[in-house]
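What follows is calculated from the coordinates using simple rules that are stated; it is not laboratory data. Worth saying up front: this structure is predicted, and the values here are computed from it rather than measured. Heads up, the Cβs are rebuilt from the backbone with ideal geometry, glycines too, and the neighbour counts pull from every protein chain shown.
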Amino acid sequence: MSLRDKPTGVKAPDMSVNQQQEIIDGLTRENASISPKYFYDTRGSELFEAITRVPEYYPTRTELAVMQTHSRAIAQSVGPGTTLIEFGAGNCAKARALCRLIDPVRFVGIDISADYLQDAIKSMRSEFPGIELRAVAADLSHGFELPADIPRAKRLVFYPGSSIGNFDPEHARELLERMRSLIDGDGALLIGIDLPKDVAALEAAYDDAAGVTAAFNLNVLAHVNLLIGSNFISCQWLHRSFFNASESRIEMHLEAVTDVLVCWPGGERSFAAGERIHTENSYKYPLDKFITLLSLAGFAKTQTWTDEHHWFAVIRACA
Ligand SMILES: C[S@@+](CC[C@H](N)C(=O)[O-])C[C@H]1O[C@@H](n2cnc3c(N)ncnc32)[C@H](O)[C@@H]1O
């Protein structure tokens, strides 16, 4: 592995200590929770990729179709010489699509799932020999620094997949402000937003018939076992998801099938049958509310592309 292949922004040991404490704090709260970022060990990243292929999961194909339909306008709005920086790049499938459109000088993928990202970036090398490709392992939910040698000029921060919906509005605004701080006057943000829609379509997307989303949700327990040394047994838990209309968000939970005692070195938590662990929120913002959020974060100008059903929007935002 060359130095260029090595992900930077490394998973330092103290980051794992912070992660352990964060997980234990979540598990021992009255209403237990696990942050959705812990879905993404390598298995979780593979399962997410499988979710993007199930028929019920419309966001990935709808967002890619919006990018394809409006490719010329998107390319014109970006222009040449760009440094493309994707937050939560995953398998880099959307970065590949965007690189074909805008031909950036460099692509920097950032993700918490470091090995998976690394493999995705490696597999881009043959298709994009002229683009400098970099992998950065980092946790977006905490402040992180981009490597100092990434030029500030002409940055396009790319945050697709409506991943911003995993943050509550206050934290979403903070993350958007952090993105804004990475961009100068010649840069922009390109962000994908899942819009409110028919509840049946929303709920099906997070509970597919093949059970891939259920497997993805349950996999977080194996990852948590690895990170804190706990003894979760996945068959004691059920995948639950539903649309919470008053918060305009899909919620995912894991529900104890029976009374369960979960132990880890130095602690334990008992769950009564039916008790839940909250594992994900996915906020669905009406377009005008999201544009207000962008302006509060310092993005005054926006340009929006959407699909014919207005299910998903891709927004270019700049100061
Ligand atoms: C829903 S997937 C989206 C992947 C891809 N961008 C797409 O649109 O298909 C979310 C991605 O963000 C990454 N991720 C989630 N939480 C993160 C965090 N706190 N810090 C860094 N990456 C994170 C996951 O590993 C995963 O690759």
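Tell me the angle of helix 42-51 to the major Cα principal axis of the chain, expressed in degrees between 0 and 90 and rounded to the nearest ten.
Around 70 degrees separate the two axes.
Could you list His239, His253 so that the one with the fewest beta carbons within 10 Å of its beta carbon is first and the one with the most is last? Please list the in-between numbers first.
Numbers: His239 18, His253 21.
Ranking His239, His253 by Cβ neighbours within 10 Å, fewest first, gives His239, His253.
State, to one decimal in nm, how far the label point of Ala210 lies from the label point of Ala93, with both points 7 Å from Cα in the Cβ direction.
1.1
For each of Thr292, Thr83, count neighbouring Cβ atoms within 10 Å of the residue's Cβ, then give the residues from fewest to most. Intermediate values should be presented prior to the final figure.
Details: Thr292 13, Thr83 21.
If I rank by nearby Cβ atoms, fewest first, I get Thr292, Thr83.
Which one, Ala200, Ala137, Ala148, has the greatest fluctuation when you compute a Gaussian network model over the chain with C-alpha springs under 10 angstrom?
Highest fluctuation of the listed residues: Ala148.
Given a Förster distance of 45 Å, report the FRET efficiency between Glu308 and Asp25 from their Cβ-Cβ distance, rounded to the nearest 0.05.
According to the calculation, E is roughly 0.55.
Show me, for region 63-68, the HN-Hα J-couplings you get by feeding each phi into the Karplus relation (A = 6.51, B = -1.76, C = 1.60, θ = phi - 60°), rounded to Hz, glycine and proline as x.
5, 5, 5, 4, 4, 5
Rank Glu275, Glu30, Glu255 by mean-square fluctuation in a GNM of the chain with C-alpha springs under 10 angstrom and give only the top-ranked residue.
In the Gaussian network model the winner is Glu30.
Measure out, as a whole number of angstrom, how far apart the alpha-carbon centroids of region 269-318 and region 168-210 sit.
Going from one Cα centre to the other spans 4 Å.
Which of Thr258, Thr306, Thr213 has the fewest other C-beta atoms within 10 Å, and how do the rest follow up to the most? Walk me through the numbers before you get to the answer.
Values: Thr258 11, Thr306 18, Thr213 24.
Going from least to most buried by this count: Thr258, Thr306, Thr213.
Under a crude label model (7 Å from the Cα following the beta-carbon direction), how far is Asp168 from Phe242 in nanometres?
Calculated label separation equals 2.0 nm.
Among Lys284, Lys94, Lys122, whose mean-square fluctuation peaks in a Gaussian network model of the chain (Cα, cutoff 10 Å)?
Sorting by GNM fluctuation, first place goes to Lys122.
Quick one: how many lysine pairs in the chain have C-alpha atoms under 15 angstrom apart, if they're 8 or more apart or on different chains? Don't jump to the answer; show the numbers that get you there.
Details: Lys6/Lys122; Lys11/Lys37; Lys197/Lys284; Lys197/Lys289; Lys289/Lys301.
Taking the Cα cut-off of 15 Å, the pair count is 5.
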